[in-house]
Amino acid sequence: MMRSPAQELAQLQEQNLLRSLAQIEGGEVPWVTVGERRLLNFSSNDYLGLSQHPALKSAAIEATREHGTGATASRLVCGTFRYHRELEQRIAVLKETDDARLFANGYSTALGTITALVSKGDTVILDKLCHASLIDAARLSGATIRVFPHNQTERLAAILRNTREKSGSTTRILVVTESVFSMDGDTCPLAEIVALKNQYEALLLLDEAHALGVLGPRGLGLAEELGLQKQVDFQMGTLGKAAGSAGGYLAASQDWIDLLTNKARSFIYSTAPPPAQVAASQAGLDLICSSHGQKLREDLRNRIALLTSEAGLAGKLPATPIIPHILGDNELALSVSHRLRGQGLLVPAIRFPTVPRNTARLRITLSAAHSAEEISSLAAALKAFS
């Protein structure tokens with residue numbers, strides 16, 4: 001007899017891997033309401049607290065007044081508005097590339113980009129901890145997939161050397177990694193990876209999703225912080241985290257962007273992002289690059305330092321707003337998350353397949369919008385449960 005969904009759900013329940021949706025009400029960063037309970041939110045990627053900023057709201061409202069609520073078609077049909085091109089051009093200038101393309105979200109950016117860049121006969125080399133969207137895109141591309149252990153550049157060098165020796169002159173080799181890894185909060189050794197991709201004539205896609213707004217003098221990410229933007233072939237990012245809006249982008253040279261326009265299926269066959277979303281993203285990006293954005297990043301760094309110090313984690317974790325508290329066991333992670341919620345703190349339990357088996361954890365994310373007192377309350381609760 002064909003297995004039923006109820007059987008699969010029961011199996012997930014037995015493994016403490018069953019997930020469900022919890023409806024929230026927001027409006028006052030960093031607080032949310034779940035049911036009738038008001039909770040301090042330590043699960044959001046709104047690293048600078050911009051999702052409720054008046055400038056973003058005003059930009060979205062003005063764009064809605066001008067163009068309505070939807071783009072009505074894909075970009076290649078009749079869905080390209082001036083908002084799309086203005087934001088793409090702005091991203092290109094900031095990222096020091098010829099052009100950029102907007103996508104509906106980060107997932108569709110990864111799927112459209114990687115499947116357009118490589119195909120059967122080519123090779124994609126991924127860090128083992130790359131986001132699911134990057135892995136899925138590599139699988140869909142039809143290219144050969146190689147994986148190197150997380151941040152181990154010696155192994156990456158060996159794979160690149162072996163792949164280049166066996167490949168033809170027209171073969172593309174694409175290295176894919178993240179600047180800040182979404183579940184561990186650490187950064188990639190970008191300078192070493194750039195040197196290796198140059199040595200072996202490969203291409204590099206860097207996902208800056210969790211670094212935009214957080215790292216770099218203007219908040220443009222790890223590549224900017226290290227002065228390597230011109231050395232990264234494909235700079236990918238999302239506008240739904242620190243930028244406070246939604247959408248994804250890919251910045252590159254003109255030929256590559258033109259190729260994406262013609263081959264990226266998630267771009268070609270998707271209705272364009274609404275003008276209001278794009279206008280809000282532009283406002284968020286402008287704030288990130290401003291003196292106000294610089295002040296918010298300073299506040300964020302202070303919040304990170306405070307939590308790691310008061311929770312006894314100083315020196316053990318990278319200085320990014322993603323702080324993993326690894327517990328290992330699924331049931332334990334769920335139990336601690338539930339107990340924290342009982343104290344008014346929203347801290348999610350992250351389990352397989354989002355993270356490797358036996359590495360279930362609390363994923364704590366901080367925002368510049370958190371006060372010092374709120375950070376201290378979390379630190380005290382974590383110490384009590386450790």
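Filtered by the rule that a residue be within 23 Å of LYS241 (Cα to Cα) and either in a strand (DSSP E or B) or not hydrophobic (A, V, I, L, M, F, W, C) (or both), the stretch 345-359 gives LEU345, LEU346, PRO348, ALA349, ILE350, ARG351, PRO353, THR354. Looking for whichever is hydrophobic (A, V, I, L, M, F, W, C) and surrounded by fewer than 24 Cβ atoms within 10 Å (Cβ to Cβ) here; the options are ALA252, ALA202, ALA211. Which one fits? Checking each option against the conditions leaves just ALA202.
Considering the stretch 358-371, the residues that are at pLDDT below 95 and either among the aromatic types (Phe, Trp, Tyr) or surrounded by fewer than 20 Cβ atoms within 10 Å (Cβ to Cβ) (or both) include one that is nearest to the chain's Cα centre (by Cα), namely THR359.
Residue count for the stretch 133-157, restricted to those that are among the aliphatic types (A, V, I, L, M), part of a strand (DSSP E or B) and within 21 Å of the chain's Cα centre (by Cα): 1.
Scanning the stretch 177-230 for residues that are charged (D, E, K, R) and touching a helix residue (DSSP H, G or I) at 6+ places or on another chain (Cβ under 6 Å) turns up just one, GLU192. Pairs meeting the criteria (first residue in the stretch 81-110 and assigned by TED's automatic domain parsing to the domain that holds THR271 and at negative phi, second residue surrounded by fewer than 19 Cβ atoms within 10 Å (Cβ to Cβ) and in a helix (DSSP H, G or I), beta carbons under 7 Å, at least 6 apart or on different chains) are PHE81/HIS67; ASP98/GLN254; ASP99/GLN254; ARG101/THR261. For GLU192, the criteria (1) more than 30 Å from LYS295 (Cβ to Cβ); (2) touching a Cys at 6+ places or on another chain (Cβ under 9 Å); (3) not aliphatic (A, V, I, L, M) hold in every case but one, which is (2). Just give me the residues in the stretch 248-277 being more than 20 Å from ASP98 (Cβ to Cβ) and under 19 Å from the mean Cα position of the chain (by Cα), in sequence order. Listed by number, the residues that qualify are SER266, PRO273, GLN277. Looking across the stretch 261-276, the residues that are surrounded by fewer than 24 Cβ atoms within 10 Å (Cβ to Cβ) and within 20 Å of LEU140 (Cβ to Cβ) come down to THR261, ASN262, LYS263, ARG265, SER266, ILE268, TYR269, SER270.
Scanning the stretch 79-101 for residues being of a type in the set (Asp, Glu) and in a helix (DSSP H, G or I) gives a total of 2.
Output the qualifying pairs, or none if there are none: Cβ atoms under 9 angstrom, residues six or more apart or on different chains, first residue in the stretch 328-346 and in the same structural domain as VAL29 (by TED's automatic domain parsing) and among the charged types (D, E, K, R), second residue modelled with pLDDT of 90 or more and buried (at least 18 other Cβ atoms within 10 Å of the Cβ). Correct list of pairs: ASP329/ALA360; GLU331/ALA360; ARG339/ALA381; ARG341/LEU39; ARG341/VAL347. Only one entry of GLY216, GLY221, GLY227, GLY248 meets the criterion of being closer than 16 Å to LEU87 by Cβ, assigned by TED's automatic domain parsing to the domain that holds LEU160 and at pLDDT 95 or above, and that entry is GLY248.
Each residue in the stretch 158-183 was checked for being over 21 Å from VAL232 (Cβ atoms) and not in a helix (DSSP H, G or I), and 5 of them qualify.
Are any residues in the stretch 225-249 without any contact (Cβ under 8 Å) to a residue 60 or more places away in the chain and buried (at least 21 other Cβ atoms within 10 Å of the Cβ), and if so, which ones? Scanning the stretch 225-249 gives VAL232, LEU239. Which one of the conditions (1) surrounded by 15 or more Cβ atoms within 10 Å (Cβ to Cβ); (2) in contact with a strand residue (DSSP E or B) (Cβ under 8 Å, 6 or more places away or on another chain); (3) free of Cβ contacts under 8 Å to residues at least 60 places away in the same chain; (4) not in a strand (DSSP E or B) does CYS130 fail to meet, given that it meets all the rest? If we test CYS130 against (1) surrounded by 15 or more Cβ atoms within 10 Å (Cβ to Cβ); (2) in contact with a strand residue (DSSP E or B) (Cβ under 8 Å, 6 or more places away or on another chain); (3) free of Cβ contacts under 8 Å to residues at least 60 places away in the same chain; (4) not in a strand (DSSP E or B), just (3) comes out false. Among residues of the stretch 272-287 that are in contact (Cβ under 8 Å) with a residue 40 or more places away in the chain and assigned by TED's automatic domain parsing to the domain that holds LEU94, those with a beta-carbon under 8 Å from a residue that is basic (Lys, Arg) and part of a loop (DSSP other than H, G, I, E, B) at least six positions away or on a different chain give the pairs ALA272/ARG75. Here is the figure for the stretch 102-125: residues that are outside any helix (DSSP H, G or I), more than 16 Å from the chain's Cα centre (by Cα) and crowded, with 21+ Cβ neighbours inside 10 Å total 4.
The values are calculated or read from the model by the stated rules, or taken from the named source; none is laboratory data. From a predicted model like this one, the values you see are computed outputs, not experimental measurements. We place every Cβ from the backbone using ideal geometry, glycine too, and count neighbours over all the protein chains shown.
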